[in-house]
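Remarks on the structure that follows.
The values are calculated or read from the model by the stated rules, or taken from the named source; none is laboratory data. These figures come from a predicted structure and were not determined experimentally. Cβ sites come from the backbone with ideal geometry, for glycine too, and all protein chains shown count toward neighbours. With ligands, DNA and RNA removed, areas are computed over all heavy atoms of the protein, side chains included. Shrake-Rupley method; radii C 1.70, N 1.55, O 1.52, S 1.80 Å.
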Amino acid sequence: MIQFIVLSLLGVANGLNSVVTTCRNDHGDCVSNLIVSLIFFLLTAGWFAFVWLVGFTAQERRSRRMAQLLIAVELLIALVALFNARHHTDILGLGTSIIDFGFAAWVISLAWRLMQSDGGRVVARKRRS
């Protein structure tokens, strides 16, 4: 949920930055850029909502399969974040990509621990017998 909220807010900031920059430099493309930014934001928010639901389901059901799906989805997010970080256009885009990668790595580690628990409780250390 944290990933969804933070990256949705950063998506709004990136979209507004793109629209303002376009409107200042090229007045003819202002409306079209606004529409594209809005569509991109909706797709991004929808994607992270899907990831949130996968993570929630994996956690609630303690499902190994859902944890594996979450890891795969987060690996895809991490790859896209790395690609975006290498091809950023401004500091806001770079910061968003770094934060996105950090969240993906964090969620992957949590999903990995959930997958290793085999349906049991995820604990910090194994208890001694």
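The residues of the chain present an accessible area of 70 Å² per residue when probed at 1.4 Å with all protein chains retained. Surface composition of the chain: carbon and sulfur make up 67 percent of the accessible area, probe 1.4 Å.
For the chain, the longest principal axis of the Cα atoms and the long axis of helix 2-25 meet at an angle of about 10 degrees. If you plug the beta carbon distance of R64 and L9 into 1/(1 + (r/R0)^6) with R0 = 41 Å, you get a FRET efficiency near 0.80. Helix 91-116 and the long axis of the chain differ in direction by around 20°, with both axes built from C-alpha atoms.
Using the C-alpha atoms of the range 1-127, what convex hull volume per residue, in cubic angstrom, is computed? Mind dumping the intermediate values first?
Working: hull volume 12.0 nm³, N = 127.
Here the figure is 94 Å³ per residue.
Straightening the chain between L16 and H88 buys 24.3 nm, computed as 0.36 nm per residue apart minus the Cα-Cα spacing.
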